[in-house]
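To keep things clear, I will list the structure first and then write my remarks on it.
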């Protein structure tokens, strides 16, 4: 076994970051997905495009702007400082904020599709059976769209584990705070520690494969069609 | 204008092709059919009544309770109604039992007037309890959907073409259940249909819609017998008469149905004597003669009085409204025959009824 203390710390940090980000992604992504699934205004295209931006932007671009925004001279940075929270760049919570923005499309899109597939009819049916909108969301939409929610959660988690450029921009490389597995791997390679790099890279490959395997097994739609 | 009993619905709503504009006073009991061709606004009207479609300035009062009035608008889930959708609307993630309980457990115990077992028996779904909707036939799904709506003890049951998605055999399977609801529960029902046979069989009252407007409303028999209506019934123009089985002729497999003192011989459908039935006589099956002919195959020949005649869409055809005692009859004959027989209001002729359908 060739995991150093630092490697393990990086892996645990990665898991903690991914879990925190996924939770926040579900909380933030669900209302956005709901709104997108149920509205047909021209704002829908604008919001969809903004949500999807991280799909096409280099992570470093995102990281750069976040750094400015969250930094001591940025509007958000000034706000967090005045609230006594300090500034977010180069902290764990800075990484969380970056990850949430970066992985948002991976969570919003599957949930939006699932809610659209459920349609409005089950909600109408629930209303005729005395269920209010909130009640109907929990008892009808959530169970019927559950594969979408699970897909979103898994993709958001996996994508957060896999980020690198954004982390480096706003998190830097602080052991135990912002040094996640992908950054640790980069350090190993830089230092020509190929054996350790192999172990870490191998773990990430297996992890990614297992997550995606769960995803495809779980999702009957993706499984059924070719 | 609004009586404490009955349903008063007034809605105006611009739709893509026409404006729904109705002001209806419906009886607070029995089955009322909202009848009209596809795209006449029937379903929209039902959705307005359910609160699924929000209409500004609408009015809706149901047996003394105000569901929509001025600025007040009860959301659908706050209205004590049941709704049966046209296509299967069962929750796919719940079993039949789960579906039935969904509505039931959201109703206060104090408001539950219909017992679980009664509904299950009424719709014959005891054996289906643990199945998922995907494992049910179309007819079974609709029966479960009706049961689910009933278990909320609705003050008004709305049904949007509950039979339309079913084939003829499945329809025949469901109709008896709907008749039992009618006979055993005191829930007013509004049901949307474009099928004249369903309306004739189930409805007590009828509202005829065309392009979003009410063109007729009233008790079924009376309304169907009106000849001034542009009801697009085509070959289905006819009357529905209520009566009782008076006699069964075992040798010929016929029954004598007595309707207000007049007898009709009909094919035996297995109903016992004294059973209340409806018979339906289509205008195209009634021909007229000046004498009582004994030498024909027609079983039912009645002396009737001509009430009025009305030109039909095709210039050759005329619809004649007849009366035998208090019963209305319609006959569709040619303009030429009207001339040949010199039919004028008040004249007595013989109606030869070729076919009488026993519909319930």
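The values are calculated or read from the model by the stated rules, or taken from the named source; none is laboratory data. Keep in mind the model is a prediction, meaning the values are calculated, not measured. Virtual Cβ from ideal backbone geometry, glycine too; neighbours counted across all protein chains shown.
State yes or no: is residue A:54 surrounded by fewer than 23 Cβ atoms within 10 Å (Cβ to Cβ), within 14 Å of chain B (Cβ to nearest Cβ) and part of a helix (DSSP H, G or I)? Criteria not met by residue A:54.
Residue-by-condition table, conditions (1) outside any helix (DSSP H, G or I); (2) within 30 Å of residue B:95 (Cβ to Cβ); (3) at pLDDT 95 or above; (4) away from chain B (no Cβ under 14 Å):
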residue: A:94; (1), (2), (3), (4): no, no, no, yes
residue: A:100; (1), (2), (3), (4): no, no, yes, yes
residue: A:107; (1), (2), (3), (4): no, no, yes, yes
residue: A:126; (1), (2), (3), (4): no, yes, yes, no
residue: A:148; (1), (2), (3), (4): no, yes, no, no
residue: A:151; (1), (2), (3), (4): no, yes, no, yes
residue: A:169; (1), (2), (3), (4): no, no, no, yes
residue: A:192; (1), (2), (3), (4): yes, no, no, yes
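Flag set for residue B:287, criterion: more than 18 Å from residue B:226 (Cβ to Cβ) and out of contact with any helix residue (DSSP H, G or I) (no Cβ under 8 Å at 6 or more places or on another chain). Just one of the listed residues (A:82, A:48, A:99, A:103) is loosely packed, with under 14 Cβ neighbours inside 10 Å and either farther than 18 Å from residue A:160 by Cβ or touching a residue at least 24 places away in the same chain (Cβ under 8 Å) (or both), and it is A:82.
Taking the criterion of being more than 17 Å from residue B:191 (Cβ to Cβ) and either within 14 Å of another protein chain (Cβ to nearest Cβ) or touching a helix residue (DSSP H, G or I) at 6+ places or on another chain (Cβ under 6 Å) (or both), the residues of the stretch B:11-43 that qualify are B:11, B:20.
Can you confirm whether the stretch B:221-228 contains a residue that is under 18 Å from residue B:45 (Cβ atoms) and touching a residue at least 60 places away in the same chain (Cβ under 8 Å)? There is no residue in the stretch B:221-228 that is under 18 Å from residue B:45 (Cβ atoms) and touching a residue at least 60 places away in the same chain (Cβ under 8 Å). On the stretch given as the stretch B:335-360, residues that are assigned to a strand (DSSP E or B) and surrounded by 14 or more Cβ atoms within 10 Å (Cβ to Cβ) total 7.
Restricting to the stretch B:186-205, name every residue that is part of a strand (DSSP E or B) and within 15 Å of residue B:146 (Cα to Cα). If the condition is that a residue be part of a strand (DSSP E or B) and within 15 Å of residue B:146 (Cα to Cα), then B:189, B:190, B:191, B:192 are the ones that fit.
Just so you know, in the stretch B:65-77 the residues that are more than 8 Å from chain A (Cβ to nearest Cβ) and in contact with a strand residue (DSSP E or B) (Cβ under 9 Å, 6 or more places away or on another chain) include one that is surrounded by the most Cβ atoms within 10 Å (Cβ to Cβ), and it is B:67.
Restricting the stretch B:78-103 to residues that are more than 9 Å from every other protein chain (Cβ to nearest Cβ) and farther than 23 Å from residue B:113 by Cβ, the residue that is farthest from the chain's Cα centre (by Cα) is B:95.
Restricting B:165, B:169, B:183 to those that are out of contact with any strand residue (DSSP E or B) (no Cβ under 6 Å at 6 or more places or on another chain), outside any helix (DSSP H, G or I), on the phi < 0 side of the Ramachandran plot and modelled with pLDDT under 90 reduces the list to B:165.
Every condition in (1) under 23 Å from residue B:286 (Cβ atoms); (2) assigned to a strand (DSSP E or B) is met by residue B:248 except one, and the failing one is (1). Might you check whether a residue that is under 19 Å from the mean Cα position of the chain (by Cα), away from chain A (no Cβ under 14 Å), more than 18 Å from residue B:146 (Cβ to Cβ) and crowded, with 22+ Cβ neighbours inside 10 Å occurs anywhere in the stretch B:44-64? Yes, the stretch B:44-64 contains at least one residue that is under 19 Å from the mean Cα position of the chain (by Cα), away from chain A (no Cβ under 14 Å), more than 18 Å from residue B:146 (Cβ to Cβ) and crowded, with 22+ Cβ neighbours inside 10 Å.
Looking across the stretch A:171-188, just one residue is in a helix (DSSP H, G or I) and more than 27 Å from residue A:56 (Cα to Cα), and that is A:188.
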